[in-house]
Amino acid sequence: MSRIILKLSGEALAGPKHMGFDEETCRMKLISYHPGVTPELIQQFTGFELLIDENVHETPKPTEEELRILREEVDPNKLFCF
């Protein structure tokens, strides 16, 4: 399984769990998008026709436990997570 992160001016538009590839066509597909962003904006910045999953939705905010893991275990030196 492959996932993609799209960025615009330092802000992520869609995270690694939310952009993938269609299993049948192998084309990139939007699964979910971050708050404040729309599928149309993401499409505008891809440069090619992007498949939109039929169940596309706004990415849920991370839980406190997910944030703790990111900050303390994945990136304790705060190179990526602030």
| said: Please determine whether any residue of segment 11-27 is modelled with pLDDT of 85 or more and in contact with a strand residue (DSSP E or B) (Cβ under 6 Å, 6 or more places away or on another chain). | reply: yes
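Taking the condition of being assigned to a helix (DSSP H, G or I) and open to solvent by 100 Å² or more (accessible area, probe 1.4 Å), how many residues in segment 46-66 meet it? Give the steps one after another, and end with the answer.
Restricting attention to segment 46-66, the residues satisfying the condition of being assigned to a helix (DSSP H, G or I) are 64-66.
From the residues that got through so far, the ones that are open to solvent by 100 Å² or more (accessible area, probe 1.4 Å) too are 64.
Here the count works out to 1.
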| What are the pairs, 6+ residues apart or on separate chains, where a residue within segment 50-73 that is in contact (Cβ under 8 Å) with a residue 24 or more places away in the chain has its Cβ under 9 Å from a residue that is open to solvent by 100 Å² or more (accessible area, probe 1.4 Å)? | T59/K17
| In segment 67-80, what residues are open to solvent by less than 80 Å² (accessible area, probe 1.4 Å), of a type in the set (D, E, K, R) and either in contact with a helix residue (DSSP H, G or I) (Cβ under 8 Å, 6 or more places away or on another chain) or assigned to a helix (DSSP H, G or I) (or both)? | R68
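May I ask you to list the residues in segment 20-45 that are of a type in the set (A, V, I, L, M, F, W, C), surrounded by fewer than 17 Cβ atoms within 10 Å (Cβ to Cβ) and under 20 Å from P60 (Cα atoms)?
Initial filter on segment 20-45 (of a type in the set (A, V, I, L, M, F, W, C)): 21, 26, 28, 30-31, 37, 41-42, 45.
Pick out the ones that are also surrounded by fewer than 17 Cβ atoms within 10 Å (Cβ to Cβ) and you get 21, 26, 41, 45.
Result: L41, single match.
The values are calculated or read from the model by the stated rules, or taken from the named source; none is laboratory data. On a predicted model such as this, the values are computed, not experimentally measured, just so you know. Positions of Cβ are generated from backbone atoms using ideal geometry, with glycine treated the same way; all protein chains shown enter the neighbour counts. Note: accessible area is taken over every heavy atom of the protein model, side chains too, but ligands, DNA and RNA are not part of it. Shrake-Rupley method; radii C 1.70, N 1.55, O 1.52, S 1.80 Å.
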